[in-house]
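Heads up, the thing below is written out as structure tokens.
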Amino acid sequence: MTTPRIPNLFKVPELNEKLLFTLLCLALYRVGSHITVPGVDVAALRQFFSSSSQGGGLLGLYDMFVGGGLSRATVFALGIMPYISASIFFQLMGAVFPYLEKLQREEEGRKKITQWTRYLTVALAAGQAWGVAIFVESLQGAVASPGWSFRITTAFVLTVGAIFVMWLGEQITERGIGEGMSLMIFFSIVEGGWPAVGKTLEYLRTGAVDVPKLLLLGAIMLAVVWVTVAITVAARRVPIQIPRKVMGRGRIREGQKSFIPLRINSAGVMPIVFAQSIIIVPGTLAQFSNIGALRDLVQYFQPPSWIYYALFSVLIIFFTYFYTAIIFNPVDLSENLRKQGGFIPGVKPGTQTADYIDHVLSRVTLPGAIFLTLIAVMPIIIFDQFNVPFRFGGTALLIVVGVALDTVQRMQQHLILRQYDGFMKEGRVRFRGGQRYM
């Protein structure tokens, strides 16, 4: 994939408008992410999130996706997460209920599911907003005037903020460049990385981290990014052939050759998200519990415990296969291929094609699952050894790399379409040999 040159992006009027609109919406989103909810003492809230036990907890994971908005109690503290949760819910339910699966295949059905997703987003946002209001009120000194008035006001503000963020993300998707929801998470994660850079420089100034160790760490980070990009775009190409009829005759000539790309990491970042959501539950429950035995047990579910690493790895591998099976249906792919008259050379259409695709997908999913496990576990081990105030890898890195590659690809497609428009206006295309055709 060729990376588009930045000056060329602003030479295409349509792409220029999309980029400016996207940047404007993202700027508005980040401004709202720094406006605090009335009546909250941000200093007390951030002191709670800065504790080591909470940094890797459920609230810490949520705070990363919203760019620190939860730890600052901003009007966009819920971010895009209620919408993401609602979308994942209907995606998973589509694999359970045939009616939803049927709707997902139809244009009108997808519109109906989108509407249901919005309704569920409002309900989830209201429930989460009420939970955040009670949580903030429970912290000592975090609320100046606790009570029902604070809870209702905070819940209303956070719910409206989540609905506005959902609308803003949809506007970016329709009128901007790239997927709006993904771009919001992308910029939230990137913005959250700047404080870590400042802390690292402070560590370097005080001598807590020396220059050779920091250079070695930078080399490791570049290697991790390179491997992540390579695995993200890597795919196993299954060759297919589609027969074509010659116009005016009944015979069939040699078909068009193509391929089905089966990505090594078809599940994306979701297996790590699911695994983290489960493995941090004991620690979160222990933090809000006064049971001593539960607090003693939670240490086995946190790094550097080998039980934590083993369980985390097993959960990631399991959810990789689980989520891949949900989003990729070999039977439907085989049926669509059969309707087009296509086939895999050497494999009979129908059931055998579905079995063959499922076999290949299962084999390529294993290295993808191992990659996700390494990218999630290794940074925790390595970066703790370097004693730096951040961890590079895991969920954040996969999201940043995936969204960046997708956005670049979309911009490249706009530039290619613009070149095609130029060909059409000229009316003639030159092929090899010097001969021109309409």
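A few points about this structure:
- Matching residues, segment 123-144, being part of a helix (DSSP H, G or I) and not aliphatic (A, V, I, L, M): Gly127, Gln128, Trp130, Gly131, Phe135, Glu137, Ser138
- Any hit, segment 386-393, residues being of a type in the set (Gly, Ala, Ser) and at pLDDT below 85: yes
- Any hit, segment 279-291, residues being in contact with a Ser or Thr (Cβ under 8 Å, 6 or more places away or on another chain), in the same structural domain as Pro367 (by TED's automatic domain parsing), modelled with pLDDT under 80 and outside any strand (DSSP E or B): yes
- Any chance Tyr308 is outside any loop (DSSP other than H, G, I, E, B), modelled with pLDDT of 90 or more, hydroxyl-bearing (Ser, Thr, Tyr) and on the phi < 0 side of the Ramachandran plot: no
- Test: residue in segment 193-208 that is among the hydroxyl-bearing types (Ser, Thr, Tyr), at pLDDT below 85, surrounded by 14 or more Cβ atoms within 10 Å (Cβ to Cβ) and assigned to a helix (DSSP H, G or I): yes
- Of everything in segment 316-360 that is closer than 30 Å to Ala376 by Cα, of a type in the set (S, T, N, Q) and in contact (Cβ under 8 Å) with a residue 24 or more places away in the chain, the residue that is surrounded by the fewest Cβ atoms within 10 Å (Cβ to Cβ) is Thr324.
- The numbered conditions (1) touching a helix residue (DSSP H, G or I) at 6+ places or on another chain (Cβ under 7 Å); (2) in contact (Cβ under 8 Å) with a residue 40 or more places away in the chain; (3) assigned to a helix (DSSP H, G or I) are all true for Leu78 except (3).
- Among residues that are touching a helix residue (DSSP H, G or I) at 6+ places or on another chain (Cβ under 9 Å), farther than 30 Å from His34 by Cβ and either in contact (Cβ under 8 Å) with a residue 60 or more places away in the chain or exposed (fewer than 15 other Cβ atoms within 10 Å of the Cβ) (or both), Val211 is included.
- Residue match in segment 363-380 (condition: of a type in the set (D, E, K, R), over 19 Å from Val233 (Cβ atoms) and in a helix (DSSP H, G or I)): no
- Count of segment 145-175 residues which are touching a residue at least 60 places away in the same chain (Cβ under 8 Å), in contact with an Asp or Glu (Cβ under 9 Å, 6 or more places away or on another chain) and either under 19 Å from Phe135 (Cβ atoms) or not in a helix (DSSP H, G or I) (or both): 2
The values are calculated or read from the model by the stated rules, or taken from the named source; none is laboratory data. Small disclaimer: the values here were computed from a predicted structure and weren't measured. Cβ: placed from backbone, ideal geometry, glycine included. Neighbour counts: every protein chain shown.
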